[in-house]
Every structure is written in C-alpha cells, then in structure tokens.
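J.: Quick one: this structure, given as structure tokens, is what I'll be asking you about.
The values are calculated or read from the model by the stated rules, or taken from the named source; none is laboratory data. Please read all numbers here as calculations on a predicted model, not as lab measurements. Here Cβ is always computed from backbone atoms with ideal geometry, including for glycine, and neighbour counts include all displayed protein chains.
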Amino acid sequence: MMYKKLLVTLDGSRISEAVLPYARSLAKSLKIPVQLMQAVDPEDFRLLPEPVQGQYYETQAERTASGVAYLERVAVTFPDIAVKFCVELGNPAELILDKAAANSGTLIAMASHGRSGFQHWLLGSVAHKVASVASNPLLLVRANQEMKTDGEAELTSVLVPLDGSELAEMALPHARELAIELLIELIVLRVCDFSNYRRLPRVNQIARELKLEAKEYLEKKMRQLEAQGLEEVSYLILEGDPAVEIVDIAQKKPDNLVAITTHGRTGIKRWLLGSVTEHVIRHATGPILIIRAP
C-alpha cells in the first residue's frame, strides 16, 4: 500500500471543509487512518488591534480549545475510520510540511482556499507553498462556498496527463493504486501541441506523425497498466495548449481526479511549480493529486 495515513488540514471554515468528502472516500477505500489538523498562527494574535472596551478577542488558549472541539465534531463524520486530531501553534505551511514529512506514506489533503482567523489560505500562500515544497503527495481541492462538505465524494475516473517523460510517468503508480482501490477507470492523456510547427511547410505531416507517436506511446502505457492488474484503462489524445486542455477536460468530467507530477524549486522571491501543473492547480475546479518528483 502506497499510502499509510491521510493528513487532513482544516481551518474551521466551510471552504476548507470541501476536502472532507474526498478524504472520507479515500480513507474508506484505502482503509487508512486519518489525522485531522488545525494550525493556529501566532501572527493572528500579534496583528490584533488595541483592545476596545466592550469588544471581545479570542485568546490563543481559547482558539486552541475551540479548535479541539471543532475537530472532535469533524472526527465523528468518519465512520469506522481511526481518526486522531490535533491543534498546533505555529506557521501553518511549516506545520503541515513537518507533520507530513514525519511519514513518507502520508497523503496530505487540503482545500486551496479558506479563512484562518484574520488571514486567508490562498493558493499562492499556504496551499501554494505546501504544493511547491512537500515531498509527500498532496490532494488539493480548489474549493468554493457552494461545494458540499458532507458525505463521500464519488469519483469515476483518474486522469493522468503524460508528455512522454519519466517525470510525468511518476504519477502513474499513484493513479494506478487509487484506480484499483476505488474501482474507477484510469485515463492516460497526451496533449499534442503543434504551435511550434504552424509555419513549417510540412505542418500537417508533422502533426500526423506526432499524433501517431502519441497513440503508440499511450497504447504501450495501457498495456503496461493492464499487466499490473488494472482492468479499466483507456487513453485520450487532444490537440492544443497542454495546460488549457487538461483544465478543460477536467471540467468536462466533474467526478474526475487529475493526477499530475511537478518539480518545484525554492527561490528567493517565489515558489515555483512546473508551468503546466501550476496552471492546472490554479484553474481546475476538481480535485488534483500532486506528486512531487525528486
């Protein structure tokens, strides 16, 4: 079993709870324990204005106590699953990364938007930093207020974009295990981008050759996956900008999970993801499984 534990990060908001239906579904199907976690950022309290008479401000101790009570209520929504929970004090992104890194078999699950005290969990801050740096796989749900938070998510397929590189193929073992355990279809996808060949005289012939190469490559991957015990597997070839086409097909299949590989690098000014992966996690409305390549 590739995953040993599911680390679910919440901040008390309904938006952050959009990850819960997926967490319940995965924990049940994979038969793995769940760790619920809420981070209390000390900066929330340092940024409080001067006390105003008659106005109440929650203390760190009170925030911790209310966080424990909140996670207790969430824990009972995971029937027949071993659930632990904790409220930690510190930088949210660092706490999530450290907690997950303690066990390489931990799958992080979080929503990309939410509210924590006086700050926001925005893609580009906490969630972006976790996606960029975490060595653990990350299930990221780009959430909104309308998404349901109860019950279990019903996924019908897992989509794996491939570009022919070993880097992209590192998502396949994760996708294969999820497809087998969740009893869903695995779809391998190749997007043929002909934009660099538009002005060449043989553009049509080049396009046919590239599509044929993509077909042979995906059929080979299908046979390998079938030999590894996967029963439902298919392939899809699209034309256009890879980032745009991946987001588009993901939106057309709302019950689909996109499994994609990234290689982030830390820089002085910002956290970098692969350009395609970054576009997908910023714009795809469904769940995304991000696999960090070494």
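J.: Tally time: how many residues in segment 182-209 are touching a Phe, Trp or Tyr at 6+ places or on another chain (Cβ under 9 Å) and closer than 30 Å to K28 by Cα?
T.: Step one: of segment 182-209, the residues touching a Phe, Trp or Tyr at 6+ places or on another chain (Cβ under 9 Å) are 187-190, 203, 206-207.
Okay, now just the ones that are also closer than 30 Å to K28 by Cα, so 187-189.
Qualifying residue count, segment 182-209: 3.
J.: Then there is this: Mind listing whichever residues of segment 5-24 are touching a helix residue (DSSP H, G or I) at 6+ places or on another chain (Cβ under 6 Å) and either among the hydrophobic types (A, V, I, L, M, F, W, C) or more than 18 Å from T106 (Cβ to Cβ) (or both)? Lay out the reasoning, then the answer.
T.: Residues of segment 5-24 touching a helix residue (DSSP H, G or I) at 6+ places or on another chain (Cβ under 6 Å): 6-10, 12.
Listed by number, the residues that qualify are L6, L7, V8, L10, G12.
J.: Separate question: Quick check on my filter: what residues within segment 23-39 are over 10 Å from V8 (Cα atoms) and surrounded by 23 or more Cβ atoms within 10 Å (Cβ to Cβ)?
T.: Of everything in segment 23-39, those that are over 10 Å from V8 (Cα atoms) and surrounded by 23 or more Cβ atoms within 10 Å (Cβ to Cβ) turn out to be L26, A27, A39.
J.: Out of E226, E213, report the one residue that is assigned to a helix (DSSP H, G or I) and farther than 22 Å from L289 by Cβ.
T.: Working: E226 fails: farther than 22 Å from L289 by Cβ.
E213 is the lone residue from the list that is assigned to a helix (DSSP H, G or I) and farther than 22 Å from L289 by Cβ.
J.: Check off (1) assigned to a helix (DSSP H, G or I); (2) at pLDDT 95 or above; (3) more than 27 Å from Q35 (Cα to Cα) for H174 and give me the number that stays unchecked.
T.: Result: H174 passes all but (3).
J.: Restricting to helices (runs of 4 or more DSSP H) lying wholly in segment 1-88: which have 3 or more residues that are at pLDDT below 95? Can you show your working first?
T.: Numbers: elements: 20-30, 43-46, 60-75.
In segment 1-88, the matching helices (runs of 4 or more DSSP H) lie at 43-46, 60-75.
J.: Which count do you get for residues in segment 149-168 that are among the small types (G, A, S), closer than 14 Å to V188 by Cα and in contact (Cβ under 8 Å) with a residue 24 or more places away in the chain?
T.: Of the residues in segment 149-168, the ones among the small types (G, A, S) are 151, 153, 157, 164-165, 168.
So of that shortlist, the ones also closer than 14 Å to V188 by Cα come out as 157, 164-165, 168.
Right, trim to in contact (Cβ under 8 Å) with a residue 24 or more places away in the chain and you get 157, 164, 168.
Adding up the residues that qualify gives 3.
J.: Keeping to segment 177-227, report how many residues are more than 26 Å from L257 (Cα to Cα) and among the basic types (K, R).
T.: We begin by selecting, within segment 177-227, every residue more than 26 Å from L257 (Cα to Cα); these are 194-210, 212.
Those left that are additionally among the basic types (K, R): 198-199, 202, 208.
Total meeting the criteria: 4.
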